[in-house]
Amino acid sequence: MIAKRCIAILGGGPAGLSAALWLRNLGFEPCVLDAAERPGGMQNLNFLANDWVLGQTGQTGPALAARFVDHVVSDGVQIRTGIRPVRLEGTAGAFRLQLSDGSPLDCIAVLVATGTRYRAEEVLTAVAVISDIPRERIAYGPHAFAELGALAGQRVLIIGGGDNAYENARLLAPVAAMVHIAIRSQPRAQQGLVAAVAVEEAAGHCRVLCPAVVESMASTSASIEVTLAVSDQRERFEVDRVHVLAGYKPNTAFLREILPTEVYGRLRFDGQDYLIVDTGGRSGVPGLYAAGDICNPRFPCVVSALAQGAMTAKTIEMDTRPK
Ligand SMILES: Cc1cc2nc3c(=O)[nH]c(=O)nc-3n(C[C@H](O)[C@H](O)[C@H](O)COP(=O)(O)OP(=O)(O)OC[C@H]3O[C@@H](n4cnc5c(N)ncnc54)[C@H](O)[C@@H]3O)c2cc1C
């Protein structure tokens, strides 16, 4: 298929969908490709009301994501789900993207908006020795808290000190038997959440351990025995579950696989593997752009992803004007 004005958008989260809307309005044919079966990105994992998007009061993350998807689809944007890029060939103005279903997509530019994922097993391999812990007792990411009722009366260790860790500790503390929060260096959560957790701590529902490093976790007959180095002391206690909420990793690794070596070598990454782009989303490789959380915005959130997607779409329009 030769589509002269097609722009391939990798990732159908807020950044990719916003770029798709703007590109469509600017006269292009955006095609959104998402590896997940359900488009919408990380907001699909946010079971709370997202009150941070102007004009979208009371929407849970999935409801908000569905609104974004509905908007672009009703404007004629094509979204293909459950599909990944496997190879990018060609140059700006004439790219061919080989896709995981065997089909090619010809496009004039590619926008990478593949966001981030939770840091998962790597958190535990870095800090702890684990033995024989049933998989269902360890959860990664805040969506594990969606069913708070199922955690009632349990002893939970949360590993992490950012907004997600504190938000979920705050929600869980009133219903759990005890919530321990282990923070390696210092809390990074917003002040309101830190204050709310302090109230739960004063009520005896939760304990903040900081600086704390999990040294080992071992399965007992009905629980998990954890050992932590807390300041200069060693603490050992039992919990029923461990929840890891310790930050994110950018979804950039696939770029090494899909790009020719010399093209990949021209991309720039920061020390945490996030893509470095200019203010218009240009990656340094002509025709290859990026937007959203994958670029390590100062405040990763829905509105910054929407804005970056829009700005990058506009950059693409300017870069592809006839000279
Ligand atoms: C639990 C939770 C709660 C949050 N709450 C809020 C909140 O209240 N307010 C707020 O503003 N922000 C919140 N955020 C942050 C917000 O969701 C993100 O900042 C935003 O979704 C980033 O958008 P994005 O499009 O850059 O990336 P993402 O939303 O991560 O979307 C990336 C998309 O790329 C796809 N993808 C990944 N790899 C590939 C690949 N190789 N090929 C094709 N597709 C791929 C993924 O499937 C995904 O759909 C929350 C995040 C989480 C996880």
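Please list the non-local residues whose amide H lies under 5 Å from the amide H of residue 140, H modeled 1.01 Å from N, same-chain partners needing a gap of 5 or more.
244
Tell me, what is the percent relative contact order of the range 87-173, built from C-alpha pairs under 8 Å that lie six or more residues apart?
On the way: 54 pairs, mean separation 13.3, N = 87.
Over the range 87-173, the number comes to 15 percent.
With a cap of 13 neighbouring Cβ atoms within 10 Å, and only residues DSSP puts in a loop, list the chymotrypsin sites (Phe, Trp or Tyr not before Pro) found in the range 50-122. Before the final figure, lay out each step's value.
Numbers: sites: 52, 68, 95, 118; in loops: 52.
Loop-located and lightly packed - 52.
Please report, as a whole percent, how much of the solvent-accessible surface of the chain comes from carbon and sulfur atoms (probe radius 1.4 Å).
Details: 8090 of 15450 Å².
So the carbon and sulfur contribution to the accessible surface is 52 percent.
Can you give me the Kirkwood hydrodynamic radius for the chain, using every pair of distinct Cα atoms, in Å to one decimal?
On the way: mean 1/r = 0.0472 Å⁻¹.
Its Kirkwood hydrodynamic radius stands at 21.2 Å.
Averaged per residue, what accessible area in Å² does the chain show with a 1.4 Å probe, protein chains only?
Working: 15450 Å² over 323 residues.
Averaged over the residues of the chain, the accessible area is 48 Å².
Mind listing the phi-derived Karplus ³J(HN,Hα) values for the range 57-70, rounded to whole Hz, using 6.51, -1.76 and 1.60 with θ = phi - 60°, and x for any glycine or proline?
5, x, 8, 5, x, x, 5, 5, 4, 5, 5, 4, 4, 4
Please report the antiparallel percentage of DSSP beta bridges with both residues in the chain, rounded to the nearest 5. Please list the in-between numbers first.
On the way: 30 of 65 bridges.
Antiparallel bridges: around 45 percent, rounded to the nearest 5.
How large is the dipole of the range 121-244 about the Cα centre if only Lys and Arg carry +1 and Asp and Glu carry -1, each at its Cβ, rounded to the nearest 20 debye?
Working: 10 positive and 15 negative charges, 27 e Å.
Its charge dipole is roughly 140 debye.
Could you work out how far the C-alpha centroid of the range 24-100 sits from that of the range 264-322, in angstrom?
The range 24-100 and the range 264-322 have Cα centres separated by 16 Å.
Given H placed on each backbone N at 1.01 Å, which residues far from residue 119 in sequence or on other chains put an amide H within less than 5 Å of it?
Placed amide hydrogens put 246, 247, 248, 249 under 5 Å from residue 119.
Name the longest site-free stretch of the chain, where the excluded sites are GluC sites (Glu not before Pro) in a DSSP loop with no more than 14 other beta-carbon atoms within 10 Å. Could you put the intermediate results ahead of the total?
Working: sites that count: 37, 147.
For GluC sites (Glu not before Pro) (loop position, at most 14 other Cβ atoms within 10 Å), the longest site-free span of the chain is 148-323.
With θ set to phi - 60°, apply the Karplus curve 6.51 cos²θ - 1.76 cosθ + 1.60 along the range 40-46 and write out the HN-Hα couplings as whole Hz, x wherever there is a Gly or Pro.
With coefficients 6.51, -1.76 and 1.60, one gets x, x, 4, 5, 5, 9, 9 Hz.
List the residues, sorted by chain then number, that are 5 or more residues from residue 60 or on another chain and whose placed amide H is less than 5 Å from its amide H.
Long-range HN contacts for residue 60: 50.
What is the range 249-313's relative contact order, in percent, from Cα pairs under 8 angstrom and six or more apart in sequence? Working shown, then result.
Details: 75 pairs, mean separation 16.9, N = 65.
In percent, rounded to a whole number, it is 26.
Please work through the chain and write down the cysteines that have no neighbouring cysteine Cβ at a distance under 4.7 Å.
31, 206, 210, 295, 301
The values are calculated or read from the model by the stated rules, or taken from the named source; none is laboratory data. Worth saying up front: this structure is predicted, and the values here are computed from it rather than measured. Heads up, the Cβs are rebuilt from the backbone with ideal geometry, glycines too, and the neighbour counts pull from every protein chain shown. All accessible areas refer to the heavy atoms of the entire protein, side chains included, with ligands and DNA or RNA removed. Shrake-Rupley method; radii C 1.70, N 1.55, O 1.52, S 1.80 Å.
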